[in-house]
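Right, one structure below, let's go through it.
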Ligand code: C5P
């Protein structure tokens, strides 16, 4: 008999090779922070944010005028589904997920086939695969982006929009219909080619939950990598992490860039890369994830 753990993502005695919830010891750190009640996706059922979340979310990019979120989402959910695709799970199947960050430590790693063997393969922002298949794989099931980092995706990929302001919700509605919005703080794609039926919106309440409980207010807000990692921890049974942190020489660049100073997310001052690395280490030490550190 399978038994679901209290509010958690992991069925006790799950169908995976290793079941994170069954690891003995060292789980207090995880259990004190994990809250399975917060949904990673923003849907028709949880449209109205708690007031503290709403206030926090609107301050992420405070230069933008806020709009009535409920109204904007109601219109958006006429274009995209607005449903939680993760609500029902088959306890007999181990859902194995690869979270693929953009670190240069993937270069020369040869992880491609290993990454491609997962049920869900989650990438973020630019994350090219063509030309890097041997190291990063070629399959993608989920691609997390914000408007300013968005690119077209093949029809079988879920686009998970990470919104930082109400304008981002207006943008995705526009980019899937009229093409009116072309600029936020940078140029954005007026039209986006993605499968509308597979668009999901990242829940600001989940974003704040990570900031409060996991990154504990280190940095102004968590990096995209953290957002994706915790999304995976809440919807998957087994989470394997690739492309996070520095390479073996201490460089923090992207795997597709030869300039070792390029795209250093730790230098923006917005995120606390060292604290985030500590969280990844703790998740690994407590056997909640496995980290592939690359080369
Ligand atoms: O640079 P970008 O934000 O697109 O990278 C995606 C994520 O990958 C980052 O938010 C960060 O969590 C992770 N990353 C990393 N180490 C790097 C580069 C990126 O951990 N060297």
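Quick look at the values:
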quantity: Answer from 114, 133, 197 - the residue that is surrounded by fewer than 16 Cβ atoms within 10 Å (Cβ to Cβ) and either without any contact (Cβ under 8 Å) to a residue 12 or more places away in the chain or in contact with a helix residue (DSSP H, G or I) (Cβ under 9 Å, 6 or more places away or on another chain) (or both); calculated: 133
quantity: Meets criteria (surrounded by 14 or more Cβ atoms within 10 Å (Cβ to Cβ), within 12 Å of the ligand (Cβ to nearest atom) and not in a strand (DSSP E or B)) for residue 294; calculated: yes
quantity: Contacts under 6 angstrom Cβ, first residue in segment 214-234 being within 17 Å of residue 59 (Cα to Cα) and at pLDDT 95 or above, partner more than 13 Å from the ligand (Cβ to nearest atom) and in a helix (DSSP H, G or I), 6 or more apart; calculated: 221/211; 222/211
quantity: Where residue 230 falls short, out of the listed (1) within 10 Å of the ligand (Cβ to nearest atom); (2) part of a helix (DSSP H, G or I); (3) within 13 Å of the chain's Cα centre (by Cα); calculated: (1)
quantity: For residue 279: the one exception among (1) more than 9 Å from the ligand (Cβ to nearest atom); (2) within 20 Å of residue 111 (Cβ to Cβ); (3) surrounded by 17 or more Cβ atoms within 10 Å (Cβ to Cβ); calculated: (2)
quantity: Options 240, 251: the member that is in contact (Cβ under 8 Å) with a residue 60 or more places away in the chain and near the ligand (Cβ under 9 Å from one of its atoms); calculated: 251
quantity: Scope segment 262-276; condition surrounded by fewer than 18 Cβ atoms within 10 Å (Cβ to Cβ), assigned to a loop (DSSP other than H, G, I, E, B) and within 11 Å of the ligand (Cβ to nearest atom); matching residues; calculated: 262, 264, 268, 270
quantity: Members of segment 282-291 found to be within 18 Å of the chain's Cα centre (by Cα), in contact (Cβ under 8 Å) with a residue 60 or more places away in the chain and either near the ligand (Cβ under 10 Å from one of its atoms) or not in a loop (DSSP other than H, G, I, E, B) (or both), listed by number; calculated: 283, 289
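Results for (1) assigned to a loop (DSSP other than H, G, I, E, B); (2) surrounded by fewer than 20 Cβ atoms within 10 Å (Cβ to Cβ), shown as yes or no for each residue.
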site: 57; (1), (2): no, no
site: 62; (1), (2): yes, yes
site: 71; (1), (2): no, yes
site: 80; (1), (2): yes, no
site: 89; (1), (2): yes, yes
site: 93; (1), (2): yes, yes
site: 98; (1), (2): no, no
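The values are calculated or read from the model by the stated rules, or taken from the named source; none is laboratory data. Bear in mind that the values here come from a model prediction, so they are computed numbers and not experimental data. Cβ: placed from backbone, ideal geometry, glycine included. Neighbour counts: every protein chain shown.
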